[in-house]
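*Asks:* Here it is, the structure, as structure tokens.
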Amino acid sequence: MRSIGELARASGLTVSALRFYDRSGVLVPALVDPVTGYRWYADDQVVPARLVAGLRRVGMPLAEIAAAVRHRAEPAVVGRLLDAHLRRLEDGLTDARRELSRVRALIDHEEHPMTTRLVLSRADLAAAIDAVRFAVGTDPELPVLSGVLFDVATDGVRLVATDRHRMAVARVPGAVDGPTRRLLAPVALVDAVRELLGGTGDGRAPLGGTGDVGVVPGGTGDGVRAPLGGVGGGDAHLRLDGDGLTVTVAGREVGGAALPDEFPDYQRLLGTRVPAYRITVDVPALRAQVAGRPPARVLRHEGVDVPVTVLGLDGAGGLRVLDDAAPADAAPDAVRLGVNGRYLLDALDAGDRGQLLLELDGPISPLAVRRPDDADAYSILMPIRL
């Protein structure tokens with residue numbers, strides 16, 4: 001038998017850590033003297049203690065350390081735990097690098113204000129705005145969610161919008177000149193840009209009527225209105241200068257100030273999980289099902305009625321809309337997911353495709369709506385507990 005001090009020296013754990021893992025049930029002594037309370041450990045507990053020490057050094061959560069100790073004779077199980085933690089560490093390192101880059105950019109900006117310029121496809125930028133516009137928040141108590149994030153990378157820009165209940169993401173590749181940066185554009189400015197790009201957009205907000213959005217004439221009339229109909233070809237030129245955004249299309253400009261708030265860290269919401277089900281759906285057919293039948297239930301949330309649409313799987317592995325959260329013909333372990341029906345219709349409309357991919361896991365995991373031809377454009381709907 002080894003004393004707690006001897007096991008500490010043999011394993012690399014401190015005495016206080018061994019006491020903690022005893023109280024936690026992770027590494028319980030083989031014997032505790034009933035008189036003195038001294039802990040004694042068997043020789044075969046050295047290897048588990050060293051395992052705990054190694055996992056502790058890399059920051060694995062306590063519950064997963066306990067699982068690794070329990071399953072140490074099953075390499076496949078422990079391997080999956082290690083792989084999952086390694087992905088977490090890699091994601092954390094990516095987050096840290098991004099945050100440090102932003103800190104450096106903030107410092108450089110204060111010392112030497114710089115301009116970032118982008119040249120993007122006019123049609124691609126219009127499509128990206130259409131793909132995320134529906135998810136912009138409208139809660140006056142959360143002004144940080146009342147805009148669209150322009151997250152500029154070295155090879156283009158990602159547009160992100162969220163109202164806490166759903167999130168939409170789209171990416172536009174293009175040429176970037178200047179430092180990477182993030183800018184939160186107010187929705188009025190985004191709508192003005194969308195109108196300048198041409199096409200119908202979503203028509204949710206008219207151009208003008210706000211004090212922070214300006215339109216620079218291009219020498220003809222008011223210089224405001226883009227031609228109706230489809231989005232024209234050519235490029236859109238974006239300039240992120242100071243705390244503002246200016247977009248130029250065919251000699252006409254729309255510009256305005258950014259929101260001063262810090263947009264949430266949306267990267268953590270994207271995740272790297274592989275969904276249990278990836279189902280290709282016919283958008284018109286699914287839309288007709290959702291819109292053409294009453295919701296499975298209606299919930300009252302913050303004074304507003306929320307129609308709940310329940311999605312499930314049919315016998316062939318396809319998707320079906322259920323009339324009831326727990327239909328009589330459903331197996332006990334059947335997949336059922338509740339979402340806000342209005343939000344689902346918005347996501348289907350924003351997808352603007354004959355087919356979309358829906359990714360789901362279960363009743364408490366978000367629903368992802370993806371375009372089969374564009375991995376960078378998708379939306380996420382938070383589930384409603386059934």
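*Asks:* Need the failing condition index for residue 151 against (1) touching a Ser or Thr at 6+ places or on another chain (Cβ under 9 Å); (2) modelled with pLDDT of 95 or more; (3) in a strand (DSSP E or B), just the number.
*Replies:* All conditions pass for residue 151, except number (2).
*Asks:* What's the number of the condition residue 7 fails, among (1) assigned to a helix (DSSP H, G or I); (2) within 28 Å of residue 93 (Cβ to Cβ)?
*Replies:* All conditions pass for residue 7, except number (2).
*Asks:* Among the residues of segment 162-175, which ones are crowded, with 21+ Cβ neighbours inside 10 Å and of a type in the set (A, V, I, L, M, F, W, C)?
*Replies:* Passing the criteria: 167, 168, 169, 170, 172.
*Asks:* So which of 52, 58 is open to solvent by 30 Å² or more (accessible area, probe 1.4 Å), touching a Leu at 6+ places or on another chain (Cβ under 8 Å) and β-branched (Val, Ile, Thr)?
*Replies:* Values: 52 fails: open to solvent by 30 Å² or more (accessible area, probe 1.4 Å).
When all the criteria are applied, what remains is 58.
*Asks:* Any idea which residue in segment 340-386 is most open to solvent (accessible area, probe 1.4 Å), counting only those that are touching a His at 6+ places or on another chain (Cβ under 7 Å) and not aromatic (Phe, Trp, Tyr)?
*Replies:* From segment 340-386, those touching a His at 6+ places or on another chain (Cβ under 7 Å) are 340, 343, 382; that's our starting set.
Going one step further and asking which of them are not aromatic (Phe, Trp, Tyr), we end up with 340, 382.
Details: 340: 17, 382: 90 Å².
My answer is 382.
*Asks:* In the list 137, 92, 147, which residue meets the criterion of being open to solvent by less than 40 Å² (accessible area, probe 1.4 Å) and out of contact with any helix residue (DSSP H, G or I) (no Cβ under 9 Å at 6 or more places or on another chain)?
*Replies:* Values: 137 fails: out of contact with any helix residue (DSSP H, G or I) (no Cβ under 9 Å at 6 or more places or on another chain); 147 fails: out of contact with any helix residue (DSSP H, G or I) (no Cβ under 9 Å at 6 or more places or on another chain).
Residue meeting the stated conditions: 92.
*Asks:* Among the residues of segment 304-322, how many are outside any strand (DSSP E or B) and either free of Cβ contacts under 8 Å to residues at least 24 places away in the same chain or surrounded by 11 or more Cβ atoms within 10 Å (Cβ to Cβ) (or both)? Give the derivation first.
*Replies:* Start the filter on segment 304-322 by keeping residues that are outside any strand (DSSP E or B), which leaves 314-318.
Within this subset, residues satisfying the condition of being either free of Cβ contacts under 8 Å to residues at least 24 places away in the same chain or surrounded by 11 or more Cβ atoms within 10 Å (Cβ to Cβ) (or both) are 314-316, 318.
Total meeting the criteria: 4.
*Asks:* Can you name the residue in segment 34-46 that is touching a residue at least 12 places away in the same chain (Cβ under 8 Å) and farther than 17 Å from residue 23 by Cα and is also most open to solvent (accessible area, probe 1.4 Å) among such residues? Lay out the reasoning, then the answer.
*Replies:* Of segment 34-46, the ones touching a residue at least 12 places away in the same chain (Cβ under 8 Å) are 38-43, 45-46.
Those still in the list that are farther than 17 Å from residue 23 by Cα too: 42-43, 46.
Numbers: 42: 23, 43: 100, 46: 11 Å².
Ranking the candidates gives 43 first.
*Asks:* Take residue 338 and decide whether it is under 18 Å from residue 310 (Cα atoms) and part of a loop (DSSP other than H, G, I, E, B). Please lay out each step first, then the result.
*Replies:* Values: under 18 Å from residue 310 (Cα atoms): yes; part of a loop (DSSP other than H, G, I, E, B): no.
Taking the combined requirement at face value, the residue does not satisfy it.
*Asks:* Here are some conditions: (1) among the aliphatic types (A, V, I, L, M); (2) within 34 Å of the chain's Cα centre (by Cα); (3) under 18 Å from residue 20 (Cα atoms). Residue 49 meets all but one. Which one does it not meet?
*Replies:* Against the list (1) among the aliphatic types (A, V, I, L, M); (2) within 34 Å of the chain's Cα centre (by Cα); (3) under 18 Å from residue 20 (Cα atoms), residue 49 comes up short only on (2).
*Asks:* Test each condition in (1) buried (at least 17 other Cβ atoms within 10 Å of the Cβ); (2) at pLDDT below 85 for residue 290 and report the one that comes out false.
*Replies:* Going through (1) buried (at least 17 other Cβ atoms within 10 Å of the Cβ); (2) at pLDDT below 85 one by one, residue 290 breaks only (2).
*Asks:* Looking at (1) modelled with pLDDT of 85 or more; (2) open to solvent by less than 50 Å² (accessible area, probe 1.4 Å); (3) within 23 Å of residue 163 (Cα to Cα), which is the only condition residue 297 fails?
*Replies:* Exception for residue 297: condition (2).
*Asks:* Same structure again: Could you list, in sequence order, the residues of segment 300-351 that are under 15 Å from residue 383 (Cα atoms), modelled with pLDDT under 85 and aliphatic (A, V, I, L, M)?
*Replies:* Hits for segment 300-351 are 325, 335.
*Asks:* Okay, next question. Give me the residue from segment 237-287 that is closer than 25 Å to residue 311 by Cβ, open to solvent by 60 Å² or more (accessible area, probe 1.4 Å) and among the hydrophobic types (A, V, I, L, M, F, W, C) and, out of that set, modelled with the highest pLDDT.
*Replies:* Taking the candidates together, the pick is 276.
*Asks:* On to the next question. Kindly evaluate residue 2 against the criterion of being open to solvent by 50 Å² or more (accessible area, probe 1.4 Å), touching a strand residue (DSSP E or B) at 6+ places or on another chain (Cβ under 6 Å) and either within 30 Å of residue 93 (Cα to Cα) or not hydrophobic (A, V, I, L, M, F, W, C) (or both).
*Replies:* Details: open to solvent by 50 Å² or more (accessible area, probe 1.4 Å): yes; touching a strand residue (DSSP E or B) at 6+ places or on another chain (Cβ under 6 Å): yes; either within 30 Å of residue 93 (Cα to Cα) or not hydrophobic (A, V, I, L, M, F, W, C) (or both): yes.
Yes; evaluated as a whole, the condition is true for this residue.
The values are calculated or read from the model by the stated rules, or taken from the named source; none is laboratory data. Fair warning: this is a prediction, and the values are worked out from it, not measured in the lab. Positions of Cβ are generated from backbone atoms using ideal geometry, with glycine treated the same way; all protein chains shown enter the neighbour counts. Note: accessible area is taken over every heavy atom of the protein model, side chains too, but ligands, DNA and RNA are not part of it. Shrake-Rupley method; radii C 1.70, N 1.55, O 1.52, S 1.80 Å.
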